[in-house]
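Note sheet for the following structure.
Coordinate-derived values only; no laboratory data. Just so it is clear, the structure is predicted and the values come from calculations on it, not from any experiment. Positions of Cβ are backbone-derived with ideal geometry, glycine not excepted, and every protein chain shown enters the neighbour counts.
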Amino acid sequence: MPRITLPDGSHRDYATPVTGVVIAGDIGERLLKSAIGIMVDGEIKDLSGVIDSDSEVSIITEGRKKEDPSAEALYLIRHSCAHVMAEAIERVIPGTQLVYGPPTDQGFYYDIHFSDDRIISTDDFSSIEEHMKQIIAEDRPFQRYELDADAGLARLREEGSKYKLDNAQRAIDGGSENLTWYATGEPGCDWEDLCRGPHLPGTGRIGAFRLMSVASAYWHGDSTSDRLTRIYGTAFPYPAQLQTHLDRLEEARRRDHRVIAKKLNLFLIDETVGQGLVLWQPNGAVIRRELEEFIRMHLVATGYQMVYSPHVGKLDLYRTSGHFPYFQDSQFPPLISSDFLQAVSDEGCSCAELSHRIDVGEIDGFILKPMNCPHHIKIFDAEPRSYRDLPVRLAEFGTVYRWEQSGELNGLIRVRGFTQDDAHIFCTEDQVYGEIQGCLALVKLVLSTLGLDDYRVRVGLRDDDTSKYAGDPKLWDQAETACLDAASTLEVPFSKELGEAAFYGPKIDFVVKDAIGREWQLGTVQVDYNLPERFDLKYTGADNLDHRPVMVHRAPFGSLERFIGILIEHFEGKFPTWLAPEQVRVLSISEKFVDYACAVKERLAAEGLRVTVDNSDERVNAKIKVGAQQKIPYLLIVGGRDAEAGTVSVRQRGIGDLGAVDLDRFISDIAAEVSERRLPTVNEEDN
Ligand SMILES: [Zn+2]
Ligand SMILES: [Zn+2]
């Protein structure tokens, strides 16, 4: 009979099958009181579910008010809240059909089909929330029961639930013998939903919730299928946690890079150019150029060679690399020469035949490059290489193109054309560790310069299914060890992600936390045994024989577009002086001092600073206000006394009035701040 192993390694033996309720109660009354579910061998289960074999378990509790709730607790609470919401919606708006209601990172949603004459909007939220509160106050138990597949399907057919029937059929196709329902209360009397669970013990355990928004969705995500309405909500164990979450969302809205970029003229996306294609305005281009120069300087200093490659490549090149036709759905369509198209159309070739002939390689053409790797491989391979030449490190800010779905596009974060901080290292097996370490050192330097010190790394390793992976298992062992060892030298948290390796090699991903605690996944460092094979790369070893080099792909910041999008939100547009598009603005207090203001500007510009003059007729306070709105690090206000004494009155962003400062002194201070790439000293409200 079941032996239950607890997280501390201790055992409890039970003579008969046991439930989480019994186990929690045996451990202690307090634990039972806060228990809401149970982990059984790594899976979340109902607290009342029966355990009849030896298992490792831990009790899921609602946690403490002041701590972040566990992912498992949130899962249970949010999925249960989705049921409560669906019941309330059915009460408020009759004639609905439920489709699918999962928990998510941020809360939960339910996709619902409403009859044609009824549209739900946020105006309905308060009455739905009232019903939800009532259901929660009733603290009805979630009760699970099963029907065998035939009986279950018959019931759904009788109910006429087209969508639930589809869910059920898919569960059965996936191997389920039974279908499970959860009643919110008594089966047969109270509200029920076809659902795999698990759920909370009862509705009363939903501590705090909020309905968030309404969006449209399609059945199975297919835009030619039924149009559905997705209603989003969120829930937490305690009201204070909900409030913190709402505050964070508000803060994130305030920092939305698309909104800030519009105010500061950083970039735009013009429908007539194309969705997801970024036009960098002069201000945004300054940020990008400074960042590129900073990274390039370190690349060159650490032995990288910069290269350039074109924006397109032949289909055949990408057939060799394996990027075509396999990833065709995420690529722009191929470019075929018009002569060729004419010839095949004269032959009477249909579109379907044409695309087939392109896929199988009977017709060649070009694609906008989805990856820079093959181009760099050709540069490496253009010269005979000896072991003495290795490692060869080729770097490029290389622009690549991906066909993202239009619904997925989002400012700079999700785009269709982006520039990777890409590089490919060709090295010997023994050099892999050192190369990975070098990549990580560069990332560490760049992130700390930008004040993104709070980050972690994920090391993607193989799982047990060895058939999935290309290359010699012995080399894999070595490379995985190299990745883990290198990651451990970073002195930041790192996790091993089994099964997260690419099929061609292990990888390291970076996840940074921004100023408001949100996590962003950046780019990767990846070891690759596959492409050197596919392109038959060689170098001559000390033994005078041919050897296969190992490739390391690294684009640690991912794309410059996305990285700058993150930086805009991280800094809230208040960039450090070295990145600020306009570093200094000189404001004359009246027309009389325009000449001096211009002279000050010339002095600063001669030092390589980005500076403008505001000589408008506005009052100086109005000029200050505009300068502050544009988040310029330094405003220099100049009047008669300044002109006589050779000073400027300095107003520093985030700090305020610094009074009159000798112009030479100001120049040497700001020059030092820029060359040392200092972070803003204060990152508070503008004043
Ligand atoms: Zn459910
Ligand atoms: Zn690559």
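Overview of results
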item	result
Least to most buried among Asp46, Asp26 (fewest other Cβ within 10 Å first)	Asp26, Asp46
For region 44-58 versus region 556-602, the gap between their alpha-carbon centres in whole angstrom	59
Where a label projected 7 Å from the Cα of Glu138 along Cα→Cβ would reach, residues of region 190-205 with amide N under 17 Å	190-194, 200-205
Volume in Å³ per residue [convex hull over Cα atoms, computed for region 584-675]	84
For Tyr100, distant residues with modelled amide H under 5 Å away	Asp111
Whole-angstrom gap from region 276-300 to region 68-100, using each part's C-alpha centre	45
Space enclosed by the convex hull of the alpha-carbon atoms of region 71-250, per residue, Å³	125
Rough spin-label spacing in nm, given labels placed 7 Å along Cα→Cβ, for Glu618 and Glu383	5.5
Net lengthening on full extension, Leu279/Leu249 (0.36 nm per residue, minus Cα-Cα)	8.0 nm
Per-residue ³J(HN,Hα) for region 531-540, Karplus 6.51 cos²θ - 1.76 cosθ + 1.60, θ = phi - 60°, Hz, x for Gly and Pro	4, x, 5, 4, 9, 6, 6, 9, 9, 8
Size descriptor, Kirkwood hydrodynamic radius, that averages inverse alpha-carbon separations across the chain, Å	29.9
Greater than 20 Å apart at Cα, pairs in Lys574/Lys623; Lys314/Lys507; Lys262/Lys444; Lys66/Lys444	Lys314/Lys507; Lys262/Lys444; Lys66/Lys444
Extended-chain gain in nm, criterion 0.36 nm per residue less alpha-carbon gap, Lys162 and Ser488	112.2 nm
MRE, 222 nm, helices only [DSSP H, n ≥ 4, -39500 (n - 2.57), over the chain, to nearest 500]	-11000 deg cm²/dmol
In region 418-504, the GluC sites (Glu not before Pro) that fall in loop regions by DSSP, at most 13 other Cβ within 10 Å	Glu491
HN-Hα J in Hz across region 181-193 - Karplus 6.51, -1.76, 1.60, θ = phi - 60°, x for Gly and Pro	10, 10, 9, 8, x, 8, x, x, 10, 8, 4, 9, 9
Alpha-carbon centroid distance for the pair region 144-170 / region 603-666, whole angstrom	72
Length-normalised contact order of the chain in % [C-alpha pairs under 8 Å, at least 6 apart]	9
Segment Gln629-Glu607, extension gain: residue separation times 0.36 nm, minus the distance between their alpha carbons	5.4 nm
Ala151-Asp472 FRET efficiency (beta carbon distance; Förster radius 51 Å; 0.05 resolution)	0.45
Global size of region 1-117 as Cα Rg and Dmax, reported in angstrom	17.7, 59
Cα shape, region 3-61, gyration tensor, a/c 1.5 rule	rounded
Computed E for Asp454/Val312 - FRET, C-beta separation, R0 51 angstrom, nearest 0.05	0.85
Using θ = phi - 60° and Karplus 6.51 cos²θ - 1.76 cosθ + 1.60, couplings along region 631-646 (whole Hz; Gly, Pro as x)	6, 6, x, 10, 10, 10, 9, 10, x, x, 5, 5, 4, 5, 8, x
Computed label-point distance, nm, for sites Leu341 and Arg548 using a 7 Å Cα→Cβ extension	4.0
DSSP-assigned coil residues among trypsin sites (Lys or Arg not before Pro) in region 561-632, each with at most 11 further Cβ atoms within 10 Å	Arg619
Modelled FRET efficiency - R0 22 Å, Asp68 with Thr104, Cβ distances, 0.05 increments	0.85
Sites matching GluC sites (Glu not before Pro) across region 588-687 that sit in DSSP coil, with at most 15 neighbouring C-beta atoms within 10 Å	Glu607, Glu618, Glu676, Glu684, Glu685
Relative contact order of region 71-250, pairs being alpha-carbon contacts under 8 Å that are 6 or more residues apart, as %	28
